[in-house]
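The values are calculated or read from the model by the stated rules, or taken from the named source; none is laboratory data. Just so it is clear, the model here is predicted, and its values are computed rather than measured. Here the Cβ positions follow ideal geometry from the backbone for every residue, glycine too, while neighbour counts run over all protein chains shown.
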Amino acid sequence: MSGMIDIVYAEYNYWIYVTLMMIGFYAMIAKKNLIKKVIGANIFQTAIFLFYISLADVTGGTAPIIVGHGGEHAEHAADVIYTNPVPHCLILTAIVVAVSTTAVALALIIRIYNEYGSLEEDVILAARRKLQPEFSEHARQKGVAEVSEQ
């Protein structure tokens, strides 16, 4: 039992990422409110960001900054362990994309609310079927059957 607890404590950050991912995934799949779905997507994205940043960390590593231009510093630079800066740059870009995606999603949600008067997925789908019956499931299946007969 002690060995299992040691494994859990040694990799606690992965447990946090998986937990955050599952919370975000659950919110996107199970919730019917569009705002809650966007929040779930943001939680999921945050888990991915934390995961990639933790992969870039090297025990005993330092920032990849070389100070000085002399020959003695160049020899010393070979002995230093550096962390990888690329994941940090990629995640910084991903954060900007995530914020932009969230802004567009919220703008679309505002437009949907103004059009249908609700943020609940079931209400919106029911209102859409009433307004445009050709988009209902029955009409889609009927259209597929007609196309397959020809």
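Numerical summary
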read-out: Any pair with Cβ under 9 angstrom, 6 or more apart, that starts in region 106-134 at a residue that is within 23 Å of I29 (Cβ to Cβ) and ends at one that is aromatic (F, W, Y) and in a helix (DSSP H, G or I); value: L119/Y113; V123/Y116; I124/Y116; A127/Y116; R128/Y116; R128/F135; R129/F135
read-out: Enumerated helices (runs of 4 or more DSSP H) restricted to region 71-138, each holding at least 1 residues that are in contact with a Leu (Cβ under 8 Å, 6 or more places away or on another chain), within 25 Å of N42 (Cβ to Cβ) and modelled with pLDDT of 75 or more; value: 86-116, 121-131
read-out: Answer from I43, I16, I7, I39 - the residue that is exposed (fewer than 12 other Cβ atoms within 10 Å of the Cβ) and part of a helix (DSSP H, G or I); value: I7
